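Structure, as structure tokens:
Each reported figure results from applying straightforward, stated rules to the coordinates on display, with no laboratory input. Owing to the predicted nature of the structure, the values given are computational and were not obtained by experimental measurement. Positions of Cβ are generated from backbone atoms using ideal geometry, with glycine treated the same way; all protein chains shown enter the neighbour counts.
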Amino acid sequence: MLRFLRKKTVGTASGKFDFLNTDMHSHLVPGIDDGAGSMEDSINLLRGFSALGYRKIITTPHVRPGYFPNTREIILSGFEKVKAAASAAGLDLELACAAEYFVDYGFIDTMEKEGLLTFSGKHVLIELSTFSPPPDVNDTIFQLRIKGYQPVLAHPERYVYYQSVKDFQRLKDLGCLFQMNIMSLSGHYGKTVSAIAHELLKNRMIDLFGTDCHRQQHIEALQKISTQEKNIRLLREAHFLNPEF
């Protein structure tokens with residue numbers, strides 16, 4: 001996939017994320033994971049996205065056995081209800097749906113038996129434990145690639161407690177894309193995560209920016225970041241792929 005080179009200027013400050021166009025990590029299907037709890041929550045979050053300047057939302061409910069045992073049918077059925085409610089509310093947003101898959105020892109079996117919910121072709125969002133090393137993630141990336149999927153690692157900066165920059169580079173070399181949480185820049189997940197987020201950006205290892213929005217407090221945090229010139233400049237100067245999705 002070709003990357004578009006972007007001018008390294010902030011331009012007129014809009015206080016919004018319209019330059020990203022697309023968010024590809026959120027939890028808006030109500031009642032199936034730790035995101036939106038009701039359809040009212042979902043619609044309010046979508047209104048927040050619209051106010052921030054987004055034009056397309058790809059929502060990605062968790063799939064994590066033992067915690068969020070969602071199936072393709074559960075996710076897509078709930079998403080259709082969100083689309084209908086958004087249309088009834090008059091929201092002018094393009095909506096799509098995939099999933100965020102937790103990489104554990106059963107992940108490859110899930111891929112083999114059920115197939116994976118993807119976005120923008122064969123892109124698949126995966127996450128790791130934030131506390132301990134996962135099973136052989138290098139092999140997981142390899143298996144996804146040979147099956148024709150494009151793996152996208154959610155918020156790599158949050159795996160700082162056991163992943164080094166060298167480990168991250170190995171995943172990049174295997175063909176994995178990286179999606180950083182915008183809120184990581186502001187210290188939302190702590191100073192250590194923020195430092196790694198800035199380092200990954202500095203080394204041009206980030207391909208996509210996501211909100212990982214679960215609740216209204218996240219919209220409020222994003223609104224605050226949208227007014228921070230330094231962080232907006234960092235986002236604009238990065239080589240991101242969001243508008244292509």
Report summary line: Contact list, first residue from the range 24-42 and of a type in the set (Lys, Arg), second anywhere and surrounded by 24 or more Cβ atoms within 10 Å (Cβ to Cβ) and not in a loop (DSSP other than H, G, I, E, B), beta-carbon distance below 8 Å, six or more apart or interchain, is none
Report summary line: Going through the range 169-200 in order, the residues found to be farther than 17 Å from residue 26 by Cβ, part of a loop (DSSP other than H, G, I, E, B) and of a type outside the set (Gly, Ala, Ser) are 174, 176
Query raised in the report: Which ones in the range 206-223 are assigned to a loop (DSSP other than H, G, I, E, B) and either more than 15 Å from the chain's Cα centre (by Cα) or within 13 Å of residue 181 (Cα to Cα) (or both)?
Result: 206, 207, 211, 212, 214
Report summary line: Within the range 153-203, residues of a type in the set (Lys, Arg), within 19 Å of residue 137 (Cβ to Cβ) and surrounded by fewer than 20 Cβ atoms within 10 Å (Cβ to Cβ) come out as 166, 170, 172
Query raised in the report: Quick one: which helices (runs of 4 or more DSSP H) sit completely within the range 60-168 and have at least 1 residues that are touching a residue at least 12 places away in the same chain (Cβ under 8 Å) and within 18 Å of the chain's Cα centre (by Cα)?
Result: 72-88, 137-146
